[in-house]
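*Asks:* One structure, as structure tokens, below. Some questions next.
The values are calculated or read from the model by the stated rules, or taken from the named source; none is laboratory data. Only a predicted model underlies this, so the values are computations on that prediction, with no experimental measurement involved. Every residue, glycine among them, receives a Cβ derived from its backbone with ideal geometry; neighbour counts consider all protein chains shown.
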Ligand code: ASP
């Protein structure tokens with residue numbers, strides 16, 4: 001028997017001037033609820049999905065109910081889920097019209113021979129699977145993120161939710177869900193639904209990313225953490241190296257050079273070690289250690 005552990009995030013777009021008391025309370029509630037599930041023997045895969053469903057439904061983060069629209073005013077949502085024990089993955093990209101993108105991603109994994117469905121095909125599949133549609137978009141979306149976790153126009157501000165879980169059988173899983181970056185072009189897809197970029201789980205590590213997705217794609221962020229762990233690095237070293245690579249990708253911001261991407265990631269290894277580095281102002285996150293201790297943090301490291 002392994003002692004279970006979990007870490008979740010509510011996005012790395014946190015701004016110092018904002019108050020996150022509601023998110024802190026909510027993230028703790030989600031960790032407490034998921035601890036009960038893990039203690040009852042639930043699988044890492046189920047718990048990762050259930051945690052993300054709760055985060056999506058809350059309307060507090062830029063995912064699910066709290067999503068922000070794209071430049072054309074449409075809500076195109078991305079999500080993915082991955083099971084470390086079987087290396088199965090499912091994802092939806094630019095999904096419109098459904099309440100829980102991560103549930104749709106799980107259905108792609110469980111009920112199709114594919115890993116990712118996008119756009120209209122994803123929506124038709126979700127309908128066919130009986131997933132809950134959004135009856136009235138104006139009433140459903142809280143737009144909690146709009147103008148809150150926001151950066152100046154054009155800087156790809158962002159928000160996302162995700163969760164990494166180690167269950168009592170030693171299995172790892174990860175799930176991530178997002179509305180993407182603010183002011184995104186119609187059809188834009190970020191790192192979140194792409195296994196290896198925004199989400200990854202194998203037998204050694206589970207990872208969920210949040211930040212300017214274009215940068216996370218360019219370094220295969222989530223899978224790179226796992227590969228570094230497999231090569232012998234500690235989880236702390238592996239995660240820090242990936243965030244540093246993202247931050248320095250287009251230069252260091254000195255001498256008028258462009259600055260790299262910002263964001264962070266959460267990760268969990270098969271021993272229950274937890275890491276959550278970020279290079280943005282803050283990253284909303286909460287965790288449960290193998291010793292049964294819970295924590296919540298937004299700005300401190
Ligand atoms: N990574 C997400 C994206 O680029 C946004 C975020 O994490 O805040 O779509």
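*Asks:* Checking residue 271 against (1) within 30 Å of residue 65 (Cβ to Cβ); (2) more than 16 Å from the ligand (Cβ to nearest atom), which test does it fail?
*Replies:* (1)
*Asks:* Out of (1) without any contact (Cβ under 8 Å) to a residue 12 or more places away in the chain; (2) within 29 Å of residue 96 (Cβ to Cβ), what's the single condition that is false for residue 40?
*Replies:* Every listed condition holds for residue 40 apart from (2).
*Asks:* Which residue is nearest to the ligand (Cβ to nearest atom), if the candidates are limited to the stretch 1-29 and must be assigned to a helix (DSSP H, G or I) and touching a strand residue (DSSP E or B) at 6+ places or on another chain (Cβ under 6 Å)? First the steps, then the outcome.
*Replies:* Just the residues of the stretch 1-29 that are assigned to a helix (DSSP H, G or I), to begin with: 21-29.
Those still in the list that are touching a strand residue (DSSP E or B) at 6+ places or on another chain (Cβ under 6 Å) too: 24, 27-28.
Numbers: 24: 18, 27: 16, 28: 21 Å.
Of everything passing the filter in the stretch 1-29, 27 is nearest to the ligand (Cβ to nearest atom).
*Asks:* In addition: If only one of 145, 162 is modelled with pLDDT of 90 or more, touching a helix residue (DSSP H, G or I) at 6+ places or on another chain (Cβ under 8 Å) and within 13 Å of the ligand (Cβ to nearest atom), which one is it?
*Replies:* 162
*Asks:* Residue 289 is checked against (1) more than 15 Å from the chain's Cα centre (by Cα); (2) within 26 Å of residue 21 (Cβ to Cβ); (3) buried (at least 24 other Cβ atoms within 10 Å of the Cβ) and fails just one. What number does that condition carry?
*Replies:* It fails just one condition, (3).
*Asks:* Considering only the stretch 184-203, state which residues are at positive phi and in contact with a strand residue (DSSP E or B) (Cβ under 7 Å, 6 or more places away or on another chain).
*Replies:* Answer for the stretch 184-203, where residues must be at positive phi and in contact with a strand residue (DSSP E or B) (Cβ under 7 Å, 6 or more places away or on another chain): just 187.
*Asks:* Could you list all residues from the stretch 198-229 that are near the ligand (Cβ under 9 Å from one of its atoms) and farther than 16 Å from residue 274 by Cβ?
*Replies:* Of everything in the stretch 198-229, those that are near the ligand (Cβ under 9 Å from one of its atoms) and farther than 16 Å from residue 274 by Cβ turn out to be 198, 211, 212, 213, 214, 215, 216, 217.
*Asks:* Which residue pairs have Cβ atoms closer than 8 Å, lie 6 or more positions apart in sequence or on different chains, and pair a first residue in the stretch 204-220 that is at pLDDT below 95 with a second residue that is near the ligand (Cβ under 9 Å from one of its atoms) and part of a helix (DSSP H, G or I)?
*Replies:* The qualifying pairs do not exist here.
*Asks:* Counting residues that are without any contact (Cβ under 8 Å) to a residue 60 or more places away in the chain, which strands (runs of 3 or more DSSP E) fully inside the stretch 47-119 reach at least 3?
*Replies:* By residue number, 88-95.
*Asks:* Cβ-Cβ below 7 Å, separation at least six or inter-chain, first residue in the stretch 263-274 and farther than 11 Å from residue 164 by Cβ, second in a loop (DSSP other than H, G, I, E, B) and within 11 Å of the ligand (Cβ to nearest atom): which pairs?
*Replies:* Taking only residues 6 or more apart or on different chains, the pairs are 263/12; 263/212; 263/280; 264/12; 264/280; 264/283.
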